[in-house]
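Participant: Mind looking over this structure? Questions follow.
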Amino acid sequence: MKQRYVDNAATTRVSDRVFNAMVPFLKETYGNASSIHAAGRAAALAVMEARRQVAQALNADPQEIFFTSGGTESDNWAIKGVCARLLKKGKKHIITTAFEHHAVLHSCETLEKSGFEVTYLPVSPDGYVTAQQVADAIREDTALVTVMYANNEIGTIQPIAEIGRICREKGVLFHTDAVQAIGNVKIDVNADCIDLLSLSGHKLHAPKGIGALYIRKGIVLQNLMDGGAQERGRRGGTENVPGIVGLGQAISDAAAQIEEKAERLSKMRDRLIDTVLAEIPKARLNGGRKPRLCMNANFSFEGIEGEGLLLKLDMAGVCASSGSACTSGSLDPSHVLTAIGLPHEIAHGSLRITLSEENTEDDIDYILEVLPGIVAQLRMMSPVWQE
Amino acid sequence: MSMLYSEKVMDHFANPRNVGELPDADGVGEVGNAKCGDIMKMYIKVQDDVITDVRFKTFGCGAAIATSSMATELIKGKPISEVLKLTNEAVVEALDGLPPVKIHCSVLAEQAIKSALADYYRRRGIDPTPIVGEINDCEACHVE
């Protein structure tokens, strides 16, 4: 059976171009980028080129790009690093949203334990926060505003440029977790007034274990990783040269085709959404339709639980995901779905389908062919479903 | 987190036994709640203290469906005295194990059976508590 992978918000396949770009740095050019010899210099040059590629994709300066192990590290570093410095200036308030990734939420919770106060902005039922909410929450002692660029579960894109402008006006630092947006949305850290931005490689066809943090020139934050002089002394640890090269290749490939991708995938996504809502009774789309990531569809089906749905889809060759508690290892359904006001029993029955360049119309046809039957089968078994 | 199910769990999930309702059931039990993501409803027919037929409906994950299905197989055709001794561990064992986070599903299956039996006794004007015991809410559902 052909496998249809539609869980690209979880991770993506390493593209052939990225793979080919990385191979030399695993084999022949394996030097340590800090070494003085030819092998080391070749690695250092490759890191430099990748830094330029990442900077270009964000309209940043290469000196503002710092490689990390991924989105989680970048989020931790940005939030804890800024707060540790600003606490000394008496700032001990953070503004974020209720539906951030756990890397952000749990970093904020850690800071709460050391005396920070955190405002979790509520999210509208269609999955957005407004710049006005941020403006109203900013205080004298606000150290940082951190709002995700696009939500990882429901794909809603936040008004980042507006929020950025307000933060700039009020003199508050602004961080955004752009892990899901990168490669799907054109990002300009200057136009959007972003001070810090987290990104991860494996969401855009680079390998797992590589990411970056953009830090606007002049912003000083405490180190998270103490060590050697790598990353200009701000992030210790031998550079993950193959990963860095892969990220550089992936991000420049994504930037080169971002409009074409958005157009093609949003057509596929819209056909999926429209058909599911028309053909499956008591189905709902989670998250507003606009602005929404071109690759994200998130549904809830009343009367069924998400894990069963995923298992049945998997048996039919479809790899998707759910915000159901049963897939997370906890008993609570996704905090994102509860943040947009879904009752628990509806949140349990969610299905997230996320596309990439590698998906085809045929994948959508196939999902539309199998999904209604699977939902019906599970509903037939469900004591809470009434025809 | 990884969620590896045994072949038996997958078999009972993919081909659940005894799904449905019994319109003329002698006892019906329902446990769990939609809030925590699992509801099991069990229907039993009883003749001469033997479970002659059983059906279930479950809202829940793969493990919840598989444990319900296995539980129905384990009690069908069995005398009540034996059914009362059925533990959640026996259901887990019959399924060749469950991931630790799914053990509460098997607890729910045991409770669903007991709840159906309690209903059976209640319908006959017999206080079920001395026979079936207290049926507590699934503790897993109270995890904050």
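Participant: How many residues are assigned to a strand (DSSP E or B), crowded, with 24+ Cβ neighbours inside 10 Å and of a type outside the set (Phe, Trp, Tyr) if we restrict to region A:52-96?
Facilitator: Result for region A:52-96: 5.
Participant: Among what's in region B:72-105 and is within 14 Å of chain A (Cβ to nearest Cβ) and assigned to a helix (DSSP H, G or I), pick the residue that is surrounded by the most Cβ atoms within 10 Å (Cβ to Cβ).
Facilitator: Step by step, filter region B:72-105, then rank; the result is B:Cys105.
Participant: Output the residues belonging to region A:340-369 that are part of a helix (DSSP H, G or I), among the aliphatic types (A, V, I, L, M), buried (at least 17 other Cβ atoms within 10 Å of the Cβ) and more than 11 Å from chain B (Cβ to nearest Cβ).
Facilitator: A:Ile364, A:Ile367
Participant: Might you let me know whether region B:6-21 holds any residue that is within 23 Å of A:Gly349 (Cβ to Cβ), modelled with pLDDT under 95 and buried (at least 24 other Cβ atoms within 10 Å of the Cβ)?
Facilitator: Scanning region B:6-21 turns up no residue that is within 23 Å of A:Gly349 (Cβ to Cβ), modelled with pLDDT under 95 and buried (at least 24 other Cβ atoms within 10 Å of the Cβ).
Participant: Anything in region B:26-53 that is more than 8 Å from chain A (Cβ to nearest Cβ), in contact (Cβ under 8 Å) with a residue 40 or more places away in the chain and not acidic (Asp, Glu)? List them, or say none.
Facilitator: Matches in region B:26-53: B:Gly27, B:Val28, B:Gly29, B:Val31, B:Gly32, B:Asn33, B:Met42, B:Tyr43, B:Ile44, B:Val46.
Participant: Same structure again: Checking B:Gly20 against (1) touching a Gly at 6+ places or on another chain (Cβ under 8 Å); (2) on the phi > 0 side of the Ramachandran plot, which single condition isn't satisfied?
Facilitator: Only one criterion in (1) touching a Gly at 6+ places or on another chain (Cβ under 8 Å); (2) on the phi > 0 side of the Ramachandran plot is unmet by B:Gly20, namely (1).
Participant: Further question: So is A:Thr146 among the polar types (S, T, N, Q) and surrounded by 24 or more Cβ atoms within 10 Å (Cβ to Cβ) or not?
Facilitator: In short, yes.
To keep it simple, each residue is scored yes or no on (1) within 20 Å of the chain's Cα centre (by Cα); (2) on the phi < 0 side of the Ramachandran plot.
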site: A:Ser74; (1), (2): yes, yes
site: A:Lys89; (1), (2): no, yes
site: A:Thr97; (1), (2): yes, yes
site: A:Gly127; (1), (2): yes, no
site: A:Thr130; (1), (2): yes, yes
site: A:Ala135; (1), (2): no, yes
site: A:Asp141; (1), (2): no, yes
site: A:Ile166; (1), (2): no, yes
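Participant: Moving on to the next point. Can you name every residue in region B:102-144 that is on the phi > 0 side of the Ramachandran plot and at pLDDT 90 or above?
Facilitator: Selection gives B:Gly125 alone.
Participant: Can you tell me which of B:Ala94, B:Ala118, B:Ala90, B:Ala34 is under 30 Å from A:Leu342 (Cα atoms) and touching a helix residue (DSSP H, G or I) at 6+ places or on another chain (Cβ under 9 Å)?
Facilitator: So the residue among B:Ala94, B:Ala118, B:Ala90, B:Ala34 that is under 30 Å from A:Leu342 (Cα atoms) and touching a helix residue (DSSP H, G or I) at 6+ places or on another chain (Cβ under 9 Å) is B:Ala34.
Participant: Which of the numbered conditions does A:Lys312 fail, given that it passes all the others? Conditions: (1) basic (Lys, Arg); (2) more than 14 Å from chain B (Cβ to nearest Cβ); (3) surrounded by fewer than 24 Cβ atoms within 10 Å (Cβ to Cβ).
Facilitator: All conditions pass for A:Lys312, except number (2).
Participant: From the list A:Arg289, A:Arg271, which residue is in a loop (DSSP other than H, G, I, E, B) and more than 24 Å from B:Gly60 (Cα to Cα)?
Facilitator: A:Arg289
Participant: Let me ask something else. Is it the case that A:Gly209 is of a type outside the set (Val, Ile, Thr), touching a residue at least 60 places away in the same chain (Cβ under 8 Å) and surrounded by 24 or more Cβ atoms within 10 Å (Cβ to Cβ)?
Facilitator: In short, no.
Participant: Of the numbered conditions (1) in a strand (DSSP E or B); (2) surrounded by fewer than 24 Cβ atoms within 10 Å (Cβ to Cβ), A:Gly164 fails exactly one; give the number of that condition.
Facilitator: (1)
Participant: To continue, here is another question. Which one of A:Ile273, A:Ile280 is of a type in the set (Val, Ile, Thr), within 30 Å of A:Pro372 (Cβ to Cβ) and touching a helix residue (DSSP H, G or I) at 6+ places or on another chain (Cβ under 7 Å)?
Facilitator: Unique residue meeting the criteria: A:Ile280.
The values are calculated or read from the model by the stated rules, or taken from the named source; none is laboratory data. The structure presented is a predicted model; accordingly, all values stated were derived computationally and were not measured. Every residue, glycine among them, receives a Cβ derived from its backbone with ideal geometry; neighbour counts consider all protein chains shown.
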